[in-house]
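Each remark here refers to the structure printed beneath this line.
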Amino acid sequence: MKVTLRFFARFGELLGKDRVVDAPENTSLADLVRSAASQNSEGYGSIFDGQGKFRDFVIVMRNGKRVSVAVADRTTLSEGDEVAVFPPVAGG
């Protein structure tokens, strides 16, 4: 199945901004991001901790809706989904 994966800000600099991924059926949101991030150790370490869990500050969205990192391992993707991964947002 085809899924669009987008990394933003620093994550995009390290891992590339946009890509279409051919993911196996029943792939979780977390597994998709882990697989893509594993191509760059600094990028992976920016998003995941030593146990392979999302860092608390990472913002993950599926089809424009925020997904809690606590349930990302149980969130199964579907054909055509769009996953976005953001670092913390600051502004003034």
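The values are calculated or read from the model by the stated rules, or taken from the named source; none is laboratory data. Note that the coordinates shown come from a computational prediction; the quantities given were computed from them, not determined experimentally. All Cβ positions, even for glycine, are placed from backbone atoms using ideal geometry, and neighbour counts span all protein chains on display.
Where the second residue is among the hydroxyl-bearing types (Ser, Thr, Tyr) and surrounded by 12 or more Cβ atoms within 10 Å (Cβ to Cβ) and the first is in contact (Cβ under 8 Å) with a residue 60 or more places away in the chain and lies in the range 53-77, which pairs have Cβ atoms under 6 Å and are six or more apart or on separate chains?
77/27
Residues 17, 2, 65: which one is on the phi < 0 side of the Ramachandran plot and modelled with pLDDT under 95?
On inspection, the qualifying residue turns out to be 17.
Return the residue satisfying two criteria in turn: it lies in the range 78-92 and is of a type in the set (Gly, Ala, Ser) and touching a residue at least 12 places away in the same chain (Cβ under 8 Å), and of such residues it is farthest from residue 15 (Cα to Cα).
The selected residue is 78.
Can you tell me which residue in the range 1-52 is surrounded by the fewest Cβ atoms within 10 Å (Cβ to Cβ), limited to those that are within 21 Å of residue 77 (Cα to Cα), of a type in the set (D, E, K, R) and without any contact (Cβ under 8 Å) to a residue 24 or more places away in the chain?
22
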